[in-house]
Structures are given as C-alpha cells and as structure tokens.
Amino acid sequence: MISWSFPARVRAGRPTTVYSPSFRFPTFRYPMSPVPSLSDIYNFRQVSPDLASSGQPREHQLAAIAEAGYNVVINLALHNDPRYSLPDEAASVRALGLDYVHIPVQFGAPTESDLEKFFAAMDQHASERIWVHCAANMRVSAFLGLYRTLRQGWPEAQAFALMHEIWQPDPVWSTFIASQLANAHAG
C-alpha cells in the first residue's frame, strides 16, 4: 500500500520530507532559491500589459524578464560604466532568446537622433512584449512620454505621468522634452 504525505511548509531553510509512491523511504528536498520577481528590478514599472520599463536589470533578472514573456529588450543606457551596466548585456539577452536593441543615450546630452532611433525601435517591435530600460528609468520614462505624445497622440499630462512618478527632469531634460514637443507642434 502506498502512503502519501504532502510536503510541509519549509521553515528556516530546513529540508522538506517528501514521500514518493515509488519509494518507501523519504527523500529530502531543500527549498529552491527564490525566483527573481520583476518588481525587484530597480524602478520597475508595468507600463501596459506588453510594455515594462526599469532601471538596469541584473544578470539573473534578465532571465525573469524572459520567463515573463518579453520578446525584446531596449537599452538606453551606456555600456561603459560598470556601476550601471552589465559586462555583455547584448550576449546575455540574446542567449535568452530575446531581441536586443541598444541606443546609448548620454544622460547629459540626449539628441533628437536618439529619440528617432527609440521611436523606430518601438514601432518595429510594436506587436511584441517590450522591456525598455536605462540605468534608473529616467531616460526611458522621458522617451516614453515623448513617444506616447508624439506617436500615439496621448495628452501630455497622461503621457508624462510615468516620468513624474520616477523623477522631475533636470534643466537638460526639461529643455530637450520641450524642444521635441515644440518641433512636433511646429512641423
């Protein structure tokens, strides 16, 4: 006769006794390390069901992004500062089967060309689940506000609400945003 015993809750990292129907003696399983949560990624925001943004994910968090069903990672940060970048993010993301787009935006000098590349990447991958990040979700939230306003026709207050949750733009970014909005309205 087979006797079943269901695992008890794991307490203080102690093994859980599991009785298997094919063996009469107990086997032990140690609890697995916690699965990284998307919400653990710095400044994570679920922008819409198919769009998320954040600061720089760590290596193990990229796997959580892939497991959550994202198809594309767009990175607006630079790769030359080890405090805010991974050694080879492009290879790590591609090894997970995701597309990778890198648009290095200088935080102190964003350009219209950077924004146009971002718009092109967002448009190209519009039918996919997209994860956009930079070092702290500041560049991303500003670019998303501009994308929503200029490409998707959102009212400015609604389009930039995400950005204002995260930060208040400094003079460089305030000027950049205002100039991009003015250029679009003048054109």
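Can we say residue 147 is within 18 Å of residue 41 (Cα to Cα) and touching a residue at least 12 places away in the same chain (Cβ under 8 Å)?
no
Would you confirm, using the coordinates I've provided, whether residue 132 is part of a strand (DSSP E or B) and within 18 Å of the chain's Cα centre (by Cα)?
Considered against the rule, which asks whether it is part of a strand (DSSP E or B) and within 18 Å of the chain's Cα centre (by Cα), residue 132 comes out as yes.
Those residues that are basic (Lys, Arg) and outside any loop (DSSP other than H, G, I, E, B), I need them from segment 135-157; list them, please.
139, 148 - these are the residues of segment 135-157 that are basic (Lys, Arg) and outside any loop (DSSP other than H, G, I, E, B).
In segment 48-66, what residues are of a type in the set (A, V, I, L, M) and in contact with a Lys or Arg (Cβ under 9 Å, 6 or more places away or on another chain)?
If the condition is that a residue be of a type in the set (A, V, I, L, M) and in contact with a Lys or Arg (Cβ under 9 Å, 6 or more places away or on another chain), then 51, 52 are the ones that fit.
Evaluate the following for residue 93: is it β-branched (Val, Ile, Thr) and within 25 Å of residue 167 (Cα to Cα)?
Spelling it out, it is not the case that residue 93 is β-branched (Val, Ile, Thr) and within 25 Å of residue 167 (Cα to Cα).
Is segment 160-177 home to any residue that is modelled with pLDDT of 95 or more and under 23 Å from residue 71 (Cβ atoms)?
yes
Looking only at residues that are part of a loop (DSSP other than H, G, I, E, B) and touching a residue at least 60 places away in the same chain (Cβ under 8 Å) in segment 113-129, which one is surrounded by the most Cβ atoms within 10 Å (Cβ to Cβ)?
Across segment 113-129, the extreme among qualifying residues is 129.
Does residue 49 satisfy the criteria of being in the same structural domain as residue 167 (by TED's automatic domain parsing) and either touching a His at 6+ places or on another chain (Cβ under 8 Å) or at pLDDT 90 or above (or both)?
Yes.
How many residues, within segment 154-178, are small (Gly, Ala, Ser) and either exposed (fewer than 12 other Cβ atoms within 10 Å of the Cβ) or in contact with a Cys (Cβ under 8 Å, 6 or more places away or on another chain) (or both)?
Residues flagged as small (Gly, Ala, Ser) and either exposed (fewer than 12 other Cβ atoms within 10 Å of the Cβ) or in contact with a Cys (Cβ under 8 Å, 6 or more places away or on another chain) (or both) within segment 154-178 amount to 2.
The values are calculated or read from the model by the stated rules, or taken from the named source; none is laboratory data. Note that the structure is predicted; figures quoted are calculated from it, not measured. Every residue, glycine as well, gets a Cβ built from its backbone with ideal geometry; the counts of neighbours run over all protein chains shown.
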